[in-house]
Number of protein chains: 2
Amino acid sequence: MIRLLLAEDQAMMRGALAVLLGLEEDLEVVAQVGTGTEIVPTALEVRPDVALLDIELPGISGLEAARELSAQLPECRVLILTTFSRPGYVREAMAAGALGFLAKDGPVEDLADAIRRVLRGETVLDPGLAAATLRAAPNPLTSRERDVLAASEDGSSIADIAQRLFLSPSTVRNYLSAAIGKTGTRNKTEAALTARRNGWLA
Amino acid sequence: MIRLLLAEDQAMMRGALAVLLGLEEDLEVVAQVGTGTEIVPTALEVRPDVALLDIELPGISGLEAARELSAQLPECRVLILTTFSRPGYVREAMAAGALGFLAKDGPVEDLADAIRRVLRGETVLDPGLAAATLRAAPNPLTSRERDVLAASEDGSSIADIAQRLFLSPSTVRNYLSAAIGKTGTRNKTEAALTARRNGWLA
DNA sequence: CCGCACCACTGACAATTGTCACCGCCGGGT
DNA sequence: ACCCGGCGGTGACAATTGTCAGTGGTGCGG
């Protein structure tokens, strides 16, 4: 019996997957969580064989949780399950010690099998996606550039961002200008969007 | 046997729901589609009793499809199933002739029952959500203001938007200024975001 | 120890954006 | 006939944003 932890923020998706996986006779969902913060404590408590983690979660992201998990509970295999096949996500997932990376736009039928494969220690990763990730440029942004872009995502003015990050407006402007250059865009809105799409933020 | 049409863009979610609903002995998923464009043709072919529609779909939106459906196939009840409980969405859904509106952040267990209820002609709509929708201001934007905001969502410059919509840059600036005023925001990025969040676009 | 990259900041300048007053045109309602 | 609101536009002005060159300070690897 493979013991599963399921982390997914959308209640209906979470519930549906839990029922579905529960139908397989070798799988058992032993824990379900809806936030990133709960993942590690719950995993330490229930000791699942495989953790199925969404990336976009309230609290900490599934990627951060994966990092924590492979440090604190290395016998638990991590399978990332996400809406977006962003190059940065794949890169981070592998670096975080995840064994598998599955996109939600694939068929459900693949899921149970992917779980069995990561349990056997096999890597689950679409070859095309792997190639695209290797082809794509790695994250060119510095830590501060990421912070500033993330803070600009809600359309805040430079003055707002400066206040929130305790920086001078000029400094913010400089970081934004650098980020705009590195992303090959023409203003902060575009820069934030492409950085997000590439999985370069948070 | 209740015949269902299922429209949802995320393949895994769609597949999971199909399996799940198929387990109920009075339900039968007779068609699954992943785009908005397929909804009406498929419905006309398979004549489902209930159509379960996501809103955010490639091609036309679930709301537009709902409008078409209640015109061309009035005996088919529409249940909207969506990620976002935006006031504008609820308003549009009801105006489009949908009988039910269900958010994906609720438990899966509610879904089958909601389907049975819309089939009986009952309205499915969370009372709190209904109240919030009535409390919220209706869409204050004119058609052109919506167009311009939608075109500015990707961070385009005013010149870009003007070209795309065949308008003078000055006109675009005027519409944006009006939209910024009406949304109570301070620049086009914020305006586009709040308009989107309220379900005022597309 | 030196170079290098990153962080934080300043000041100047140009380009873009946002505001406002104002124009004419059309269509619907009273 | 009249008013009103939406559409499309102009021009002027102020505010914000983006670019660039340059200043220091820090920490890390060769």
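The values are calculated or read from the model by the stated rules, or taken from the named source; none is laboratory data. Computed from a prediction, not measured in an experiment: that's the story for all the values here. All Cβ positions, glycine included, derive from the backbone under ideal geometry; neighbour counts span all protein chains shown. To get the accessible areas, we keep the full protein, side chains included, count just its heavy atoms, and leave off ligands, DNA and RNA. Shrake-Rupley method; radii C 1.70, N 1.55, O 1.52, S 1.80 Å.
Residue-wise test of (1) more than 13 Å from every other protein chain (Cβ to nearest Cβ); (2) away from DNA strand C (no atom under 16 Å from the Cβ); (3) not small (Gly, Ala, Ser).
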{"residue": "B:Val108", "(1), (2), (3)": "no, yes, yes"}
{"residue": "B:Glu122", "(1), (2), (3)": "yes, yes, yes"}
{"residue": "B:Asp126", "(1), (2), (3)": "yes, yes, yes"}
{"residue": "B:Ala131", "(1), (2), (3)": "yes, yes, no"}
{"residue": "B:Arg135", "(1), (2), (3)": "yes, yes, yes"}
{"residue": "B:Ser143", "(1), (2), (3)": "yes, no, no"}
{"residue": "B:Val148", "(1), (2), (3)": "yes, no, yes"}
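Could you name every one of the helices (runs of 4 or more DSSP H) located completely within the stretch A:117-202 that has at least 3 residues being under 22 Å from B:Ile180 (Cβ atoms) and without any contact (Cβ under 8 Å) to a residue 60 or more places away in the chain? Before you say what the answer is, go through the steps one by one.
Details: elements: A:127-135, A:143-152, A:158-165, A:169-183, A:188-197.
So the answer is A:158-165, A:169-183, A:188-197.
Evaluate the stretch A:62-77: report whether one residue or more is more than 14 Å from chain B (Cβ to nearest Cβ), among the basic types (Lys, Arg) and either open to solvent by 30 Å² or more (accessible area, probe 1.4 Å) or in a helix (DSSP H, G or I) (or both). Walk me through it before giving the result.
Step one: list which residues in the stretch A:62-77 are more than 14 Å from chain B (Cβ to nearest Cβ), which gives A:62-77.
In the following step, the residues that additionally are among the basic types (Lys, Arg) were identified as A:67, A:77.
Still in the list and also either open to solvent by 30 Å² or more (accessible area, probe 1.4 Å) or in a helix (DSSP H, G or I) (or both): A:67, A:77.
Scanning the stretch A:62-77, I find at least one residue that is more than 14 Å from chain B (Cβ to nearest Cβ), among the basic types (Lys, Arg) and either open to solvent by 30 Å² or more (accessible area, probe 1.4 Å) or in a helix (DSSP H, G or I) (or both), so the answer is yes.
Are any of the residues in the stretch B:15-29 under 14 Å from the mean Cα position of the chain (by Cα), open to solvent by 40 Å² or more (accessible area, probe 1.4 Å) and either at pLDDT 95 or above or of a type in the set (Val, Ile, Thr) (or both)? Quick ask: steps written out before the conclusion?
Let us first name the residues in the stretch B:15-29 that are under 14 Å from the mean Cα position of the chain (by Cα), namely none.
No, because not a single residue in the stretch B:15-29 is under 14 Å from the mean Cα position of the chain (by Cα), open to solvent by 40 Å² or more (accessible area, probe 1.4 Å) and either at pLDDT 95 or above or of a type in the set (Val, Ile, Thr) (or both).
Looking across the stretch B:187-202, the residues that are crowded, with 20+ Cβ neighbours inside 10 Å and among the aliphatic types (A, V, I, L, M) come down to B:Ala191, B:Ala192, B:Ala195.
Which ones in the stretch B:82-102 are open to solvent by 20 Å² or more (accessible area, probe 1.4 Å), of a type in the set (A, V, I, L, M, F, W, C) and within 14 Å of chain A (Cβ to nearest Cβ)?
Of all residues in the stretch B:82-102, those open to solvent by 20 Å² or more (accessible area, probe 1.4 Å) come to B:83-87, B:91-92, B:94-95, B:97, B:99, B:102.
Imposing the further condition that a residue be of a type in the set (A, V, I, L, M, F, W, C) reduces the set to B:84, B:94-95, B:99, B:102.
Listed by number, the residues that qualify are B:Phe84, B:Leu102.
Residues are listed down the side, and each one gets a yes or a no for (1) away from DNA strand D (no atom under 14 Å from the Cβ); (2) of a type in the set (Lys, Arg):
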| residue | (1), (2) |
| --- | --- |
| B:Val118 | yes, no |
| B:Gly121 | yes, no |
| B:Pro127 | yes, no |
| B:Arg135 | yes, yes |
| B:Leu141 | no, no |
| B:Ser152 | no, no |
| B:Ser156 | no, no |
| B:Pro169 | no, no |
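Answer yes or no as to whether B:Ala195 is within 14 Å of chain A (Cβ to nearest Cβ) and more than 8 Å from DNA strand D (Cβ to nearest atom). Taking the combined requirement at face value, the residue satisfies it. Of the residues making up the stretch A:171-192, those that are within 7 Å of DNA strand D (Cβ to nearest atom) and in contact with an Asp or Glu (Cβ under 6 Å, 6 or more places away or on another chain) number 0. Residues of the stretch A:71-119 that are of a type outside the set (Asp, Glu) and out of contact with any strand residue (DSSP E or B) (no Cβ under 9 Å at 6 or more places or on another chain): A:Ala71, A:Gln72, A:Pro74, A:Arg86, A:Pro87, A:Gly88, A:Arg91, A:Ala95, A:Gly106, A:Pro107, A:Val108.
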